[in-house]
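Everything on this sheet refers to the single structure shown next.
Laboratory data are not the source of any read-out in this text; all were calculated from the coordinates shown. In this text the structure is predicted, and so the values were computed from the model without any measurement. Counting neighbours? That spans all protein chains shown, and the Cβs are built from the backbone with ideal geometry, glycine included.
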Amino acid sequence: MKKVLVTGGTVFVSRYIAEYYVAHNYDVYVLNRNSREQSQGVTLIQADRHNLGDVLKDMDFDIVIDTAYNSNEVDMLLDALGGYKEYILISSSAVYPEHIPQPFEENATLGVNKYWGKYGTDKIEAENALLKRNPKAYILRPPYLYGPMNNVYREAFVFDCALEGRKFYLPKNGEMKLQFFHIQDLCRFIDIILNEKPTQHIFNVGNRVAISVREWVELCYRVVGHDVEFVNIYDDIEQRNYFSFYDYEYYLDVSKQCELMPETKPIYEGLQEAFDWYKDNADQVNKKPLFDYIDKNIKNIKNIKNIVFDVGMVLIDFCWVQHCKNLGFGEDIIESFDKHMISSEYWDQLDEGMIVEADAIKEFMKAMPQYREEIETFWKQPEGFVQEYSYATPMIQRLKQKGYKVYLLSNYPLGMYQVHWPTFSFYHEVDGYIVSAQERMKKPDERIYKLLCERYHLNAEECLFIDDRQVNVDAAIEVGMKSVLFEGYEKLAAYLNIKI
């Protein structure tokens with residue numbers, strides 16, 4: 001019978017490993033201070049790993065499975081051990097900096113991860129200390145571990161929400177993906193390493209396929225036997241105050257693991273096992289006051305049902321400068337147009353519907369009589385003023401596929417609206433729109449936001465408004481909408497958690 005030393009052995013990872021190897025007929029020793037209940041079938045070595053003395057010097061082990069947090073713990077254990085054959089360190093994916101290319105490969109440069117901080121850098125030092133003294137040791141880097149005995153308030157938090165019949169407050173659209181690994185799969189992979197002794201000694205381990213947080217929550221509710229009602233949180237609230245994970249999406253490259261162990265436990269099955277354990281062991285989980293925060297701070301937040309877009313510089317490029325260049329106008333003309341036309345009070349009046357296009361053109365000619373011909377040429381081809389962004393229509397289609405209603409709220413001159421908008425693909429996808437010139441009011445006048453809500457029977461608290469001007473964003477907030485400043489498609493897509 002092979003002898004296994006498991007450091008710890010009383011909480012989640014180390015406890016499960018200890019019981020797994022007891023069940024597989026190993027002679028299992030656990031090293032801990034005996035401050036918690038011990039598992040059946042293990043032999044306790046009672047000691048503080050930071051002050052081991054001679055407690056291990058006369059003991060030999062076939063296998064050491066260590067969950068050390070830092071280099072000192074590794075060094076002190078190696079100094080104290082009498083002898084061993086195989087050493088496996090359970091490290092972490094926290095060793096990878098968040099800014100390096102993904103998926104993270106085992107040979108990637110390690111460094112500080114801003115989400116995990118000292119925990120990650122301590123794990124790096126533990127790995128280095130072990131490999132310095134034993135280059136043949138094995139190191140495993142898992143993502144989020146789950147399953148029976150998990151004392152971290154992750155799946156258990158969602159189970160509690162389901163058991164209490166609560167709505168679930170979901171970060172944004174819930175499309176952030178997480179990579180998991182069942183604790184039993186970790187043990188199975190350790191078995192494979194011990195049996196096959198691969199030449200590679202550092203492995204990322206985890207499920208090959210990540211899962212969105214929305215899907216994960218739905219599965220957690222399903223194993224409890226309840227349907228989930230989501231409330232999407234777009235407010236600027238620290239995610240960990242009401243949810244189990246950081247706002248951090250990452251992937252491990254687990255291809256090397258999959259070569260040795262192609263199959264992992266289906267996540268629904270793994271969550272069912274986790275819930276079966278939790279029902280009788282809820283007191284073993286370190287629960288955070290997430291419900292308190294939710295009830296005090298975000299319980300009254302309405303679910304976002306409607307996305308309201310500005311048009312110019314959000315869905316289309318107002319490329320009047322390029323239009324001028326295409327017409328052969330020089331920089332002097334463009335500068336004059338900017339000052340006396342685009343930035344003039346008459347353009348604002350066009351937006352507000354207070355002046356018709358013909359009268360505005362007359363005013364522009366009065367202000368720039370030397371460019372009368374160029375002004376006339378400019379306005380003869382208004383289709384050249386704008387160009388639809390390539391992402392606009394796919395983004396709106398994606399939002400509608402996810403169940404949102406989409407509306408437009410734009411400051412736009414009437415004549416240009418009549419020429420431009422029918423040519424925009426996204427125009428034919430939306431559920432409604434307000435054009436300032438038609439209504440003789442414009443943003444940031446609060447009345448135009450209220451008009452949108454009245455006309456389409458919208459609750460302002462259920463609307464997310466997106467605009468490239470802060471003053472318009474602020475006005476939307478004043479009428480009760482959620483609102484975000486547009487700073488480019490990539491940031492918006494990340495905010496909305498959509499990919500096209």
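Please work out, to two decimal places, the log10 of the ratio I(q)/I(0) at q = 0.10, 0.12, 0.14 Å⁻¹ from a Debye calculation in which every Cα of the stretch 204-312 carries one identical scatterer.
-0.44, -0.63, -0.83
Give, as a single signed number, the net charge of other residues whose beta carbon lies under 14 Å from the beta carbon of residue 414, with Lys and Arg counted +1 and Asp and Glu -1.
-4
Let me have the 222 nm mean residue ellipticity of the chain computed from DSSP H runs of 4+ only, each contributing -39500 (n - 2.57), with the sum over all residues rounded to the nearest 500.
Computed ellipticity for the chain at 222 nm equals -11000 deg cm²/dmol.
If we sort 238-247, 37-46 on the protection proxy, mean other Cβ atoms within 10 Å, highest first, what's the order?
With the highest mean Cβ count within 10 Å placed first, the list reads 238-247, 37-46.
Could you check the simple spin-label distance between residue 478 and residue 44, using points 7 Å along Cα→Cβ, in nm with one decimal?
It is 6.7 nm.
Would you kindly state how much longer the chain becomes between residue 462 and residue 327 on full extension, computed as 0.36 nm times their sequence separation minus their alpha carbon distance, in nm to one decimal?
Working it through step by step, the gained length comes to 44.1 nm.
Below 8 Å, C-alpha to C-alpha, sequence gap of six or more: please give me the relative contact order for the chain in percent.
Taking the mean separation of contacting Cα pairs over the length of the chain, I get 12 percent.
Taking 0.36 nm per residue of separation and subtracting the Cα-Cα distance, what length does fully extending residue 115 through residue 357 add?
81.7 nm
Using the Kirkwood radius over Cα pairs, work out the Stokes-Einstein diffusion coefficient for the stretch 317-386 at 20 °C and 1.002 mPa s, in µm²/s as a whole number.
177
With r defined as the distance between the Cβ atoms of residue 33 and residue 153 and R0 fixed at 35 Å, what FRET efficiency is calculated, to the nearest 0.05?
About 0.90, to the nearest 0.05.
Give the order of 67, 423 when sorted by the count of other beta carbons within 10 angstrom, beginning with the fewest.
423, 67
At 0.36 nm per residue, and after removing the present C-alpha to C-alpha distance, how many nm does the segment from residue 226 to residue 128 gain when stretched out fully?
30.7 nm
Note down the net charge around residue 426, summing +1 for each Lys or Arg and -1 for each Asp or Glu among other residues with Cβ under 15 Å from its Cβ.
My count for the surroundings of residue 426 gives -2.
For the stretch 389-500, what is the relative contact order in percent, using Cα pairs closer than 8 Å and at least 6 residues apart in sequence?
23
Under a plain spin-label model, where a point goes 7 Å from the Cα along Cα-to-Cβ, how far apart in nm are residue 348 and residue 196?
Simple spin-label model gives 7.1 nm for this pair.
For labels at residue 272 and residue 455 in the simple 7 Å Cα→Cβ model, what's the distance in nm?
Between residue 272 and residue 455, the simple spin-label model gives 5.2 nm.
In the neighborhood of residue 448, defined by Cβ-to-Cβ distances under 15 Å, what is the net charge if each Lys or Arg adds +1 and each Asp or Glu adds -1?
-4
List 253, 185, 48, 292 from most exposed to least, where exposure is judged by having the fewest other Cβ atoms within 10 Å.
Exposure proxy ranking, most exposed first: 292, 48, 253, 185.
Using the C-alpha gyration tensor of the chain, what are the square roots of 5 times its eigenvalues, in whole angstrom, with the largest one first?
Equivalent ellipsoid of the chain: 61, 25, 17 Å, largest first.
How much of the calculated P(r) for the stretch 3-298 lies past 24 Å, in percent of all Cα pairs?
Considering the stretch 3-298, 54 percent of its Cα-Cα pairs are separated by more than 24 Å.
With 10 angstrom as the radius, rank 339, 380 by how many other C-beta atoms surround their C-beta, starting from the fewest.
Placing the least packed residue first, the sequence is 380, 339.
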